[in-house]
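Some notes on the structure that comes next.
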Amino acid sequence: MKHLRMIGYALAAAFCGCQANAEELTGTMKTIRETGAITLAYRESSIPFSYLDDSQKPIGFAIDICYKIVEAVKQELKLD
């Protein structure tokens, strides 16, 4: 299993329905805010969920969902 920077944290953080203020952050969201990193993991051959394209870049449904979660977390935490 290969790792990209960004997932276990993203899944938990994406489902947080509350407004995230710096002083309120705890746990996973606090860690993401402090480090600026989320770790994504994927399987190399779980077509169509995750697999490597011709240039060895991970793609698939699961990867697309992970990137959407990362975007939601970035928006919630007001990160670049």
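Some points to look at:
- Cβ-Cβ under 7 Å pairs, at least 6 apart or on other chains, the range 55-73 side under 22 Å from Thr31 (Cα atoms), far side of a type in the set (Asp, Glu) and at pLDDT below 95: none
- Phe61 meets all of the listed conditions (1) touching a Phe, Trp or Tyr at 6+ places or on another chain (Cβ under 9 Å); (2) modelled with pLDDT of 95 or more; (3) open to solvent by less than 100 Å² (accessible area, probe 1.4 Å) but one, namely (3).
The values are calculated or read from the model by the stated rules, or taken from the named source; none is laboratory data. Being a predicted model, the structure only gives us computed values, none of them experimental. Note: ideal-geometry Cβ built from the backbone for every residue, glycine included; neighbour counts use all protein chains shown. To get the accessible areas, we keep the full protein, side chains included, count just its heavy atoms, and leave off ligands, DNA and RNA. Shrake-Rupley method; radii C 1.70, N 1.55, O 1.52, S 1.80 Å.
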